[in-house]
Amino acid sequence: MLKATDAEIDSMFGRRTLEGRSAIVTGSTSGIGIGIAQALARAGAAVMLNGFGDPAEIERQRAKMAEENDVDVAFDNADMSRPEAIRMMVERANARFGQIDIVVSNAGIQHVAPIAEFPAVRWDAILAINLSAAFHLVQATYGQMRARGYGRIINVASAHGLVASPFKSAYVAAKHGLVGLTKVVALEGAEFGVTANAICPGYVWTPLVEQQIDDQAKSHGVARDSVIRDVFLKNQPTKRFATVEEMGALSVFLCSTAAASITGTAIPVDGGWTAH
Ligand code: NAD
C-alpha cells in the first residue's frame, strides 16, 4: 500500500515546524489518534496522549514517541464522556507544558443498528464522546489560544460528517454536529489566529474498522475479503483504505502557519467517496 513516509512529510513541512507548541490529542492510544500524535511529535510539538488500553502498552508507546522525537509526551486517561475529566486533563496539560496550542478531538466510538432498535444508551454515549467532548475541550482551551493569537483546533469527523449511511444514526448525527461545531469555532476564532477544521476520513484501517469487518463477516457469514471489497471499499473509489499517516500529515499542515487561512473547513480524506 502507498503510504506517506516520514521523509516525504519532513520535506513538505521541514523538520520541527511545531517546535515550542503543545498539543492534546484525544483517543490517541490507537489508530488515527496515534498517527496524528506521532506526526505532531515528529514536527516538534509536545503531546498529551489520551485514551484507554493496556497501561504497560500505553507507557511503551509514550516513552517511544518521546524518545524518538525528542519531545515531551504525557498521557492522561480522561474519559471523554465526562466533562469534568476533560477539564482536569486540560489542567494537567497546562501544568506540564505551560500552555496548549493545538487540540485534536479524535476519540470516537461506533454502534451500528437500525433506528428502531438503536439502544438509547449507545446514542447517548456516541453523542457524548464523538461530539460533546469536542465542545468541552474547545471551551477549556480556546481562551488561552485567543489570548496568544495562535490556536489550532482539529476535529476528526468522518465522511459520515458529510453524507449518511443507514444504521449509523448516532454516529452520523454526531459527526455532522462536529462539522457544525467546527464552523462556529472557526468563525469565533477567525480574527484571533485560532483556526478550526474538521478532517473527514473515509475508511482508514484501524482497530475500529477491524472490529466492524469482523462483525459484518460474522453476521453475513461471508469472508473478510468480501466484506472489505464489497462493503468497506465499495464506495471508496481509490479501492484502498486511507492511512493514519495521511491523517497525521494533514494535521501537521493544518497546524502550520501556511494553513492560517484554512478555517471552518471539513476536509474529506476519503479516496473520493464523497465526490459521488
Ligand atoms: P480506534 O478505535 O482505533 O481508536 C479510538 C480511540 O478513542 C482509542 O484510543 C480509544 O481508547 C479512544 N476512546 C474511545 N472511547 C473513549 C473515551 N470515552 N474517552 C477517551 N478515549 C476514548 O478508532 P479510529 O479508527 O482510530 O478512530 C478515531 C476517530 O476517527 C474516531 O472519531 C472515528 O469516528 C474517526 N473515523 C475513523 C474512521 C476509520 O475508518 N477508522 C473513518 C472516519 C472517521
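For segment 157-186, no residue has its backbone nitrogen under 13 Å from a point 7 Å from the Cα of ALA116, taken along Cα to Cβ. Extension gain for LYS183-ASP54 works out to 42.9 nm (0.36 nm per residue, less the C-alpha to C-alpha distance). Helix 169-189 and the longest principal axis of the Cα set of the chain meet at an angle near 20°. Which one of SER219, SER30, ALA45 is farthest out on the positive end of the charge dipole of the chain, using unit charges on Cβ (Lys, Arg +1; Asp, Glu -1) and the Cα centre as origin? Result: SER219. Basic side chains Lys and Arg get +1 at the Cβ, acidic Asp and Glu get -1 at the Cβ, and with that the dipole of the chain about its Cα centre reaches some 420 debye. Applying a threshold of 30 Å to the alpha-carbon distances of LYS175/LYS234; LYS175/LYS218; LYS64/LYS168; LYS168/LYS239 flags LYS64/LYS168 as lying beyond it. Dividing the summed helix terms, -39500 (n - 2.57) for each DSSP H run of n ≥ 4, by the number of residues in the chain produces a 222 nm estimate of -14000 deg cm²/dmol to the nearest 500. Per residue, the convex hull spanned by the Cα atoms of the chain amounts to 127 cubic angstrom. Each part reduced to its alpha carbon centroid, segment 59-123 and segment 153-190 end up 18 Å apart.
Helix 207-220 and the long axis of the chain differ in direction by around 10°, with both axes built from C-alpha atoms. Relative to the dominant Cα principal axis of the chain, helix 55-69 is inclined by about 50°. Working from label points 7 Å from Cα in the Cα-to-Cβ sense, the SER219 to ALA66 distance is 4.2 nm.
None of the figures in this text is laboratory data; all of them are computed from the coordinates on show. What you are looking at is a predicted structure, and each value in this text was computed from that prediction instead of being measured. Because the Cβ atoms are built from the backbone with ideal geometry, glycine has one as well, and the counts that use them run over all protein chains shown.
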